[in-house]
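The values are calculated or read from the model by the stated rules, or taken from the named source; none is laboratory data. Since this is a predicted model, take the numbers as computed values, not measurements. Glycine also receives a Cβ, built like all others from the backbone with ideal geometry; neighbour counts cover every protein chain displayed. For the accessible areas, the whole protein counts, side chains as well, though only heavy atoms, and no ligand, DNA or RNA atoms are used. Shrake-Rupley method; radii C 1.70, N 1.55, O 1.52, S 1.80 Å.
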Amino acid sequence: MIVARVAFIGGGAMGAPMAGHLLAAGHSLVVFTRRRAAADALVERGAEYAASPAAAATGAEFVFLSVTGTRDVEDVVLGTGTYAGSAVLDGAAAGTVVCDTSTIDAGATRRMAAVLRQRDILLLDCPVSGGAAGAQAATLTVLVGGDGTALEKARPLLECLGQQIFHMGDSGAGQITKACNQIAQVVNIQGIAEALL
């Protein structure tokens with residue numbers, strides 16, 4: 001197994017177990033969370049805590065994200081708000097692969113990918129399906145959009161998180177597939193509710 005230096009940003013119900021699986025697989029892990037306490041369990045297991053997204057991304061071969069929504073991802077990656085000057089873009093080197101496991105807007109994903117490409121940083125949109133239970137059990141389904149070569153580099157790490165990894169197409173395709181998945185689920189749930197009524 002190749003050991004990679006990985007940054008993980010986000011320590012919520014999805015992010016914490018995913019980061020934990022990467023750590024358990026033997027990768028060198030640097031974490032950043034908005035609340036330091038959210039990273040304490042990972043630090044106790046051997047992860048390093050970074051003071052900002054930029055600090056986490058510095059020296060990392062891969063940067064994983066699991067944060068709340070589109071604006072949060074844009075801020076963490078590009079520094080559009082709180083993290084202006086201290087975002088992933090400010091710390092990551094050329095050749096870094098950013099894997100965003102958040103579920104966000106496909107258009108925003110494409111725009112971020114274009115900005116990062118100007119620095120030779122590649123963004124994979126990797127929204128996941130399976131919920132917190134899947135994150136804890138490492139049985140997530142990962143829907144990937146972006147460069148195929150970058151995906152093959154990231155695949156061994158993604159395999160720490162889930163059992164099924166699908167390359168859906170170019171940047172944004174992972175997010176579109178996740179949206180379709182959510183629509184199909186909601187339609188089925190609503191249909192069952194109406195049938196029961």
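Based on Cα contacts under 8 Å between residues 6+ apart, region 126-188 shows a relative contact order of 36 percent. Accessible area per residue (1.4 Å probe, heavy atoms of protein chains only) ranks Arg155, Arg110, Arg34 as Arg34, Arg110, Arg155, with the largest value leading.
When only Cα pairs below 8 angstrom with a gap of at least 6 residues are kept, region 1-112 shows a relative contact order of 26 percent. Once the Cβ-Cβ distance of Asp40 and Asn188 is raised to the sixth power relative to R0 = 41 Å, the FRET efficiency obtained is 0.60. Calculated mean residue ellipticity at 222 nm for the chain: -13000 deg cm²/dmol, from DSSP H runs with n ≥ 4 weighted as -39500 (n - 2.57), summed, divided by the residue count and rounded to 500.
With the whole protein complex present, Ile183 retains an accessible surface near 110 Å², based on a 1.4 Å probe.
Along its principal axes, region 1-126 has C-alpha extents of 36, 29, 24 angstrom, given from the largest down. Accessible area per residue for region 81-182, computed on protein heavy atoms with a 1.4 Å probe, is 41 Å². Between amide H atoms placed 1.01 Å from N, distances below 5 Å from Ala4 occur with Ser28, all of them 5 or more places distant or on a separate chain. Heavy-atom accessible area with a 1.4 Å probe sorts Glu74, Glu159, largest first, into Glu159, Glu74. When only the Cβ of Lys, Arg, Asp and Glu is charged (+1, +1, -1, -1), the dipole of the chain relative to its Cα centre reaches about 140 debye. Ranking Phe64, Ala51, Thr109 by how far each Cα lies toward the positive end of the dipole of the chain (charges on Cβ) leaves Ala51 at the top.
The portion of the accessible surface of region 47-197 made up by carbon and sulfur, rounded to a whole percent, is 54 (1.4 Å probe; DNA, RNA and ligands excluded).
Based on C-alpha pairs under 8 angstrom that are at least 6 apart in sequence, the chain has a relative contact order of 17 percent.
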